[in-house]
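Student: Pasting a structure here, questions to come.
The values are calculated or read from the model by the stated rules, or taken from the named source; none is laboratory data. Note that the structure is predicted; figures quoted are calculated from it, not measured. For neighbour counting, all protein chains shown are included, and Cβ atoms are generated from backbone atoms with ideal geometry for every residue, glycine included.
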There are 2 protein chains.
Amino acid sequence: MTDAPATPYLAVDLDVLSRNLENTARWARARGLRLRPHAKTHKSPEIARRQIESGAVGLTVATLAEGEIFSRAGATDLFVAYPVWAAGERGARLRALAQGVALRVGVDSAEGAQHLGIALAGTSASVMVEVDSGMRRTGVAPGEVLEVARAADRAGVRVAGVFTFPGHGYAPGGAAQAAADEATALAKAADILRGNGFDDLELGGGSTPTLAHSDATVLTEVRPGVSVFNDAQQVELGTCGWEDVALTAVGTVVSRGDGRFVLDAGGKVLGADRPGWATGAGRVPAMPDARVVLLSEHHAVVELPAGETLPELGDRVAVAPNHVCAAANLAREYVVTMGGRVTRWPITAAGANT
Amino acid sequence: MTDAPATPYLAVDLDVLSRNLENTARWARARGLRLRPHAKTHKSPEIARRQIESGAVGLTVATLAEGEIFSRAGATDLFVAYPVWAAGERGARLRALAQGVALRVGVDSAEGAQHLGIALAGTSASVMVEVDSGMRRTGVAPGEVLEVARAADRAGVRVAGVFTFPGHGYAPGGAAQAAADEATALAKAADILRGNGFDDLELGGGSTPTLAHSDATVLTEVRPGVSVFNDAQQVELGTCGWEDVALTAVGTVVSRGDGRFVLDAGGKVLGADRPGWATGAGRVPAMPDARVVLLSEHHAVVELPAGETLPELGDRVAVAPNHVCAAANLAREYVVTMGGRVTRWPITAAGANT
């Protein structure tokens, strides 16, 4: 018996990870875009450190708790890309964070700006007004950006810029249009702000599928998350190839027969994200024709085309999750392979939702 | 400012939980069925203790790691309802577990039985042969049960019975048929085994949606999981009402407008399970007409019918997850309300997948 990790576990190929880091950094550098990768994807101080070393200007986080963890781990420049409701205890936590790092916080309402003004008074923190570019999640319409910015101004907190998440680009063939929407929305919002005395604005966008289509004549900063690892969704969207997938969940074949086999890596490992256009609940990079047809909490049922050879009971099979951010959040550590060596990195910010 | 927990968090109503525990226990007792609730749902030693106190004969777990945790927490009778591949280090762990508790382990292949025989030699542990009753996940066809049972017998491990998971009952109107399939499959498998010298068999079934339809003339044991909490799926399947939902994820309204509001309880809190028949990605019990139309990692976008009043920014809103097992696994503790008092129970087995 070897000392291979017990399955299921998350395996990270450091060569691929490093190449992904460099590729994204080089891409942004070539276009004069500031790179602020989204740390919600990996939740790992070790990976964050490598992102900064490869040229990122800082990190994006989704929650205050993630910001606190990355700050403790040494991050000095953070953007909480979320309309943080900074009333009460959360305001006190945000203030403490702002006293330790260069901080930007998202806002999409005048009321939210008022609370941020109180929480951040006397700190150097600033806000970024969130604009909806077509996803219909958070963010105001570009034409409504001034009301929020003025509320922030009145509340005494500096407006650093505008940002959007072109999440409607997560659809086959949808990335180019979503990136165009992103640029249009940011340009319109920024024009309004500039026409009303707000200057020196950051224009932040950029998701992994839309990244290659980003309009560098409009945007000043991008914050891709998934591109550090990539996943089955990105391959199926055409954003990357299998050779770019740095993270897989490794499972053991526990059952087999009738053109199918079952792995012990289920939804509690892979996450249950399954957009309508996905071929299944993940993919097996080594078996491109295999389909993950059913996912329970502890079972991934994988179907092979007629005639293909099933793996044996006890074999280990690597599965690329559909959405790597969800899978990373479910684990506690990465098993990182560097050539023949194996090390483990804690997923320090897993579950840091508050 | 109160000391209310930071959102998002999982709230458990102890009155509802206690009633659910009692109802399930009473139901099983009245039918002469042994109750072995599935602890993968709650992952909490405190809840497991209450299940045993209310009459459960033992616990079901999905993974060896869960078994280890519940054994350390005082459980004495465990069934790992999974075809555990007990080679190598996992075999050693299983053996150690079998030395501390009364243990049953699932098996669905002759090869699996051989490994279990080696791992469990000299212990009192036994195996339960898994039968497929229509879900097409793990388990052999009822007619093939003898090969697996004989392999276990040859490997020196006692065959305690047969079990199945009628998971195809997770569909509107599907529960009664799935429960009938469950009884048919278990009866056929048991008949074959009894005709070949295997006696004193346990016949284990029972999922939350099929439970009320269980055939107590065939089954001897049931192992519902979700029924301890219930969730949006069970309400939408008609298994229970909103008054039976003991767990919700509490989020804060961070954005609103245009007939929609956004909560900070997203897929990293609620889980991303969304079967095709669900109305959305969870439900808001206090707003029966609301629909969770979009779920991102940290956003739940909730739509209200025209004319209904949106909650205010900063309001707290409770969401019932679609699948409570996934939500519980994502958190680290329950915030438990007992009348006016609040306490916290750790979700000790969260992430215990190996």
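Student: It is to be established whether one or more residues within segment B:332-346 are more than 21 Å from B:Q233 (Cβ to Cβ), assigned to a loop (DSSP other than H, G, I, E, B), charged (D, E, K, R) and in contact (Cβ under 8 Å) with a residue 24 or more places away in the chain.
Tutor: Initial filter on segment B:332-346 (more than 21 Å from B:Q233 (Cβ to Cβ)): B:332-333, B:335-346.
In the following step, the residues that additionally are assigned to a loop (DSSP other than H, G, I, E, B) were identified as B:332, B:339-340.
Okay, now just the ones that are also charged (D, E, K, R), so B:332.
Keeping just the survivors that are in contact (Cβ under 8 Å) with a residue 24 or more places away in the chain gives none.
No, that holds for no residue.
Student: Additional query: Mind listing whichever residues of segment B:162-174 are over 19 Å from A:L295 (Cα atoms) and either crowded, with 24+ Cβ neighbours inside 10 Å or touching a Cys at 6+ places or on another chain (Cβ under 9 Å) (or both)?
Tutor: Hits for segment B:162-174 are B:V162, B:F163.
Student: Also, I was wondering about something else. Just need a number here: residues in segment A:130-170 that are in contact with a Gly (Cβ under 8 Å, 6 or more places away or on another chain), part of a helix (DSSP H, G or I) and at the interface with chain B (Cβ under 10 Å from one of its Cβ atoms).
Tutor: 0
Student: Those residues that are surrounded by fewer than 20 Cβ atoms within 10 Å (Cβ to Cβ) and under 19 Å from the mean Cα position of the chain (by Cα), I need them from segment A:77-88; list them, please.
Tutor: A:D77
Student: Continuing with this model, one more query. A:V101: surrounded by 24 or more Cβ atoms within 10 Å (Cβ to Cβ) and at pLDDT 95 or above, yes or no? It would help to see each step written out before you state the result.
Tutor: On the way: surrounded by 24 or more Cβ atoms within 10 Å (Cβ to Cβ): no; at pLDDT 95 or above: yes.
No, not satisfied.
Student: Condition first: outside any strand (DSSP E or B) and either among the β-branched types (V, I, T) or touching a Gly at 6+ places or on another chain (Cβ under 6 Å) (or both). Now tell me which residues in segment B:93-114 satisfy that. Walk me through how you get there before you give the answer.
Tutor: Taking segment B:93-114 first, the residues outside any strand (DSSP E or B) are B:93-101, B:108-114.
Scanning segment B:93-114 gives B:L97, B:V101, B:D108.
Student: Within segment B:26-53, count every residue that is in contact with a helix residue (DSSP H, G or I) (Cβ under 7 Å, 6 or more places away or on another chain), under 19 Å from B:S207 (Cβ atoms) and not charged (D, E, K, R).
Tutor: Going through segment B:26-53 one residue at a time, the tally reaches 8.
Student: Additional query: Could you list all residues from segment B:246-275 that are over 27 Å from A:A349 (Cα atoms) and either crowded, with 24+ Cβ neighbours inside 10 Å or among the charged types (D, E, K, R) (or both)? Lay out the reasoning, then the answer.
Tutor: Step one: list which residues in segment B:246-275 are over 27 Å from A:A349 (Cα atoms), which gives B:246, B:256-260, B:275.
Once the filter is applied, which keeps residues that are over 27 Å from A:A349 (Cα atoms) and either crowded, with 24+ Cβ neighbours inside 10 Å or among the charged types (D, E, K, R) (or both), segment B:246-275 yields B:A246, B:R256, B:D258, B:R260.
Student: Follow-up question, since we're still on this one. So A:T123 passes all but one of these: (1) within 24 Å of A:D231 (Cβ to Cβ); (2) part of a loop (DSSP other than H, G, I, E, B); (3) of a type in the set (S, T, N, Q). Which condition number does it fail?
Tutor: Just one mismatch for A:T123, condition (1).
Student: Regarding segment A:179-193, can at least one residue be identified that is in the same structural domain as A:S44 (by TED's automatic domain parsing) and under 18 Å from the mean Cα position of the chain (by Cα)?
Tutor: Looking through segment A:179-193, at least one residue is in the same structural domain as A:S44 (by TED's automatic domain parsing) and under 18 Å from the mean Cα position of the chain (by Cα).
Student: Please specify each residue of segment B:194-209 satisfying the condition of being under 22 Å from B:I47 (Cα atoms) and either part of a loop (DSSP other than H, G, I, E, B) or not assigned by TED's automatic domain parsing to the domain that holds B:D132 (or both).
Tutor: Within segment B:194-209, B:G206, B:S207, B:T208, B:P209 qualify.
Student: Out of all the residues in segment A:51-76, which are surrounded by fewer than 18 Cβ atoms within 10 Å (Cβ to Cβ) and among the charged types (D, E, K, R)?
Tutor: A:E53, A:R72
Student: In the set B:A155, B:A65, B:A160, B:A102, which member is touching a helix residue (DSSP H, G or I) at 6+ places or on another chain (Cβ under 7 Å) and in contact (Cβ under 8 Å) with a residue 12 or more places away in the chain? Quick ask: steps written out before the conclusion?
Tutor: Working: B:A65 fails: touching a helix residue (DSSP H, G or I) at 6+ places or on another chain (Cβ under 7 Å); B:A160 fails: touching a helix residue (DSSP H, G or I) at 6+ places or on another chain (Cβ under 7 Å); B:A102 fails: touching a helix residue (DSSP H, G or I) at 6+ places or on another chain (Cβ under 7 Å).
Only one candidate qualifies: B:A155.
Student: Has segment A:321-328 got at least one residue that is at the interface with chain B (Cβ under 7 Å from one of its Cβ atoms), in contact (Cβ under 8 Å) with a residue 12 or more places away in the chain and surrounded by fewer than 19 Cβ atoms within 10 Å (Cβ to Cβ)?
Tutor: No.
Student: Pick out the one residue from B:A4, B:A11 that is touching a strand residue (DSSP E or B) at 6+ places or on another chain (Cβ under 8 Å) and at the interface with chain A (Cβ under 10 Å from one of its Cβ atoms).
Tutor: B:A4
Student: Quick one: which residue in A:A286, A:A290 is small (G, A, S), surrounded by fewer than 24 Cβ atoms within 10 Å (Cβ to Cβ), more than 24 Å from B:A328 (Cα to Cα) and more than 22 Å from the chain's Cα centre (by Cα)?
Tutor: A:A286 is the lone residue from the list that is small (G, A, S), surrounded by fewer than 24 Cβ atoms within 10 Å (Cβ to Cβ), more than 24 Å from B:A328 (Cα to Cα) and more than 22 Å from the chain's Cα centre (by Cα).
This table checks each residue for (1) within 14 Å of chain B (Cβ to nearest Cβ); (2) closer than 30 Å to B:V107 by Cβ; (3) of a type in the set (F, W, Y).
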{"residue": "A:G238", "(1), (2), (3)": "no, no, no"}
{"residue": "A:A246", "(1), (2), (3)": "no, no, no"}
{"residue": "A:F261", "(1), (2), (3)": "yes, yes, yes"}
{"residue": "A:A272", "(1), (2), (3)": "yes, yes, no"}
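Student: Same structure, new question: Which condition does B:A281 not pass, out of (1) closer than 30 Å to B:A39 by Cβ; (2) aliphatic (A, V, I, L, M); (3) more than 20 Å from the chain's Cα centre (by Cα), if it passes all the others?
Tutor: Just one mismatch for B:A281, condition (3).
Student: Oh, and also: Check A:V129 against each of (1) in contact (Cβ under 8 Å) with a residue 60 or more places away in the chain; (2) surrounded by fewer than 24 Cβ atoms within 10 Å (Cβ to Cβ) and name the one condition it does not meet.
Tutor: That leaves (2) as the condition not met.
Student: To continue, here is another question. Looking at B:A278, B:A331, B:A352, B:A290, can you tell me which residue is in contact with a Leu (Cβ under 8 Å, 6 or more places away or on another chain) and within 14 Å of chain A (Cβ to nearest Cβ)?
Tutor: The match here is B:A331.
Student: For segment B:298-317, which residues satisfy the criterion of being surrounded by 19 or more Cβ atoms within 10 Å (Cβ to Cβ) and either assigned to a loop (DSSP other than H, G, I, E, B) or away from every other protein chain (no Cβ under 12 Å) (or both)?
Tutor: B:H298, B:H299, B:P311, B:L313, B:V317 - these are the residues of segment B:298-317 that are surrounded by 19 or more Cβ atoms within 10 Å (Cβ to Cβ) and either assigned to a loop (DSSP other than H, G, I, E, B) or away from every other protein chain (no Cβ under 12 Å) (or both).
Student: From the residues in segment A:224-236 that are of a type in the set (A, V, I, L, M) and more than 14 Å from the chain's Cα centre (by Cα), which one is nearest to the other protein chains (Cβ to nearest Cβ)?
Tutor: A:A232
Student: Just the residues that are within 11 Å of another protein chain (Cβ to nearest Cβ), over 17 Å from B:A352 (Cα atoms) and either outside any loop (DSSP other than H, G, I, E, B) or in contact with a Gly (Cβ under 6 Å, 6 or more places away or on another chain) (or both), please, taken from segment A:248-259.
Tutor: Once the filter is applied, which keeps residues that are within 11 Å of another protein chain (Cβ to nearest Cβ), over 17 Å from B:A352 (Cα atoms) and either outside any loop (DSSP other than H, G, I, E, B) or in contact with a Gly (Cβ under 6 Å, 6 or more places away or on another chain) (or both), segment A:248-259 yields A:V253, A:V254, A:S255, A:R256, A:G257.
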